[in-house]
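Take a look at the structure set out below.
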Amino acid sequence: MALSNKVNPALDGIWIESVELTPDDAVSSLNQIPANCQSVSLLANVNGVTDFTVLPLLSEVPDGHIITILAGTAASEVRTPSGSGNLINNVDCSDDAVEYLLTADAVTKFTKINNTVGWMGLGWTKLGAIIGAVTPD
């Protein structure tokens, strides 16, 4: 990396390492996305397609924070922390029953808009087609 003169910083590049998590049917360290994470690769589900991964609290990440999730070979779901009132696509996903569906082998980006509006989820299939708006249910 070139030396910075604090006026014109120079970087040779940035490497974002993906965190591997395992969708499960109970909250644990296996399926909670750390607040400083930007990329998640999902491993095989523990139980089935109703297994889930948990986004960080909105209050723990800055506005505009983006988390990219590379789904596994089976569909799974994404929630917000239990009881937080945090939203995904304008739906409260913190009641342990409402989730955002992740399509198998898809790429989904979750962007924090702000603490009130919540997360915006947008996905693409493995062929690159945009997955239509997902309303968590």
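Only the coordinates and a few stated rules stand behind these numbers; no lab work does. Computed from a prediction, not measured in an experiment: that's the story for all the values here. Note that each Cβ is placed from the backbone with ideal geometry, even for glycine, and that neighbours are counted across all protein chains shown.
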Gain in span if fully extended, Val98 to Ala35, counting 0.36 nm per residue against the direct Cα distance: 20.6 nm
Cut-off 15 Å between beta-carbons: net charge of the residues surrounding Gly121, Lys and Arg +1, Asp and Glu -1: -1
Distance from the stretch 12-59 to the stretch 79-126 (C-alpha centre basis), Å: 13
Per-residue ³J(HN,Hα) for the stretch 105-119, Karplus 6.51 cos²θ - 1.76 cosθ + 1.60, θ = phi - 60°, Hz, x for Gly and Pro: 6, 9, 10, 10, 10, 10, 10, 6, 7, 6, 5, 8, 6, x, 8
For the chain: relative contact order, % (alpha-carbon pairs under 8 angstrom, 6 or more apart): 18
Other-chain or far-sequence residues with amide H under 5 Å of Ser39's (modelled H): Val19, Thr68
Placed amide H near Gly72: partners under 5 Å, 5+ positions off or other chain: Leu42, Asp105
